[in-house]
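One structure is given here, and the rest of the page talks about it.
The values are calculated or read from the model by the stated rules, or taken from the named source; none is laboratory data. Note that the coordinates shown come from a computational prediction; the quantities given were computed from them, not determined experimentally. Positions of Cβ are backbone-derived with ideal geometry, glycine not excepted, and every protein chain shown enters the neighbour counts.
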């Protein structure tokens, strides 16, 4: 997908009712004010910052205002970073804000930021885990998910172990999905293997459905094969439909044939409808050729063929427009 923006909307933590001092996590914070530290990032960690514009080649870095939880925080054009910086604000001994940004990202704060310097990734991860678990106890669910996002950018086995544990059995679908994404994105073949395991074996169809997306950002050598398998075998229609959508997004060579076969054999009307939409997501003229083939396939129902024409009409591709003009001209002569 082009210039996917990995959003960190809501990355600022709500006020957390727990102490900033934690022996088990090894990092000690002051009673008040901003503090930050730097850690090595996992390979491929997104270059998180605040941007003026989000288009590749046109975006410019802007200073992230740490005290303002609004901001265009994200990653542009798949840029990566080797290190990240954790920013934490403490008020009266309690943590009330946390941000994880690229170490090179400029920031502004209303008060001075105490720099703790470079920290070991595992020590920082233990701090995040300890405080995320306190957030769980105090019911700050969004805070726990934000900590998981920060862990996702940390290098090391401590962060990976927590992410894997949450992906397998977190307390909510949202945090499991967050953990799955970061495991897939930054943990190589091991992360891809875990996501594949959940994509086929988890009892929750929403998690299996999310796995169809997560596997596409992973380093799995079997992305397309696994998506075809999921689309052909999962017992829930929405999971199958999402498998076809993400297969098309990958642009895999086998996408047209696999999705076309599903369109003809799947018993779920919704899946068949989504399969036609999936074909429209193929790259450029491939989508046009696939949709024209569906529109002209007399073995398909009239509604399915009309759906193919519908998506052709929404395409800017020259081939799609030429085909529609040909169809309209033919109808005019009748």
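Tabulated data for the structure shown
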| quantity | calculated |
| --- | --- |
| Index of the failed condition, residue 285 passing every other in (1) in contact (Cβ under 8 Å) with a residue 12 or more places away in the chain; (2) more than 15 Å from residue 319 (Cα to Cα) | (2) |
| Residue within the range 91-100 that is touching a helix residue (DSSP H, G or I) at 6+ places or on another chain (Cβ under 6 Å) and either at pLDDT below 80 or under 26 Å from residue 189 (Cα atoms) (or both) present | yes |
| Lone qualifier among 135, 147 - being modelled with pLDDT under 95, surrounded by 14 or more Cβ atoms within 10 Å (Cβ to Cβ) and over 20 Å from residue 82 (Cα atoms) | 135 |
| All positions within the range 81-117 that are loosely packed, with under 14 Cβ neighbours inside 10 Å, in a strand (DSSP E or B) and either under 22 Å from the mean Cα position of the chain (by Cα) or on the phi < 0 side of the Ramachandran plot (or both) | 91, 108, 115 |
| Among (1) touching a residue at least 24 places away in the same chain (Cβ under 8 Å); (2) closer than 18 Å to residue 235 by Cα, the one test that residue 269 misses | (1) |
| Qualifying residue in the range 220-233 (condition: farther than 20 Å from residue 281 by Cβ, assigned by TED's automatic domain parsing to the domain that holds residue 301, out of contact with any helix residue (DSSP H, G or I) (no Cβ under 7 Å at 6 or more places or on another chain) and not in a helix (DSSP H, G or I)) | no |
| Selection status of residue 307, under 24 Å from residue 227 (Cα atoms), in contact with a helix residue (DSSP H, G or I) (Cβ under 9 Å, 6 or more places away or on another chain) and surrounded by fewer than 21 Cβ atoms within 10 Å (Cβ to Cβ) | no |
| Residue check, residue 212 within 22 Å of residue 125 (Cα to Cα), at pLDDT 95 or above and either outside the structural domain of residue 80 (by TED's automatic domain parsing) or not in a helix (DSSP H, G or I) (or both) | no |
| Residue in the range 304-316 that is closer than 17 Å to residue 237 by Cβ and outside any helix (DSSP H, G or I) present | no |
| In the range 166-202, residue surrounded by the most Cβ atoms within 10 Å (Cβ to Cβ) [restricted to those that are in a helix (DSSP H, G or I) and free of Cβ contacts under 8 Å to residues at least 12 places away in the same chain] | 197 |
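Yes or no, residue by residue, for (1) over 24 Å from residue 212 (Cβ atoms); (2) surrounded by fewer than 19 Cβ atoms within 10 Å (Cβ to Cβ); (3) modelled with pLDDT of 90 or more:
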{"position": "266", "(1), (2), (3)": "no, no, yes"}
{"position": "270", "(1), (2), (3)": "no, yes, yes"}
{"position": "281", "(1), (2), (3)": "no, no, yes"}
{"position": "287", "(1), (2), (3)": "no, no, yes"}
{"position": "296", "(1), (2), (3)": "yes, yes, yes"}
{"position": "299", "(1), (2), (3)": "yes, yes, yes"}
{"position": "317", "(1), (2), (3)": "yes, yes, no"}
{"position": "326", "(1), (2), (3)": "yes, yes, no"}
{"position": "333", "(1), (2), (3)": "yes, yes, no"}
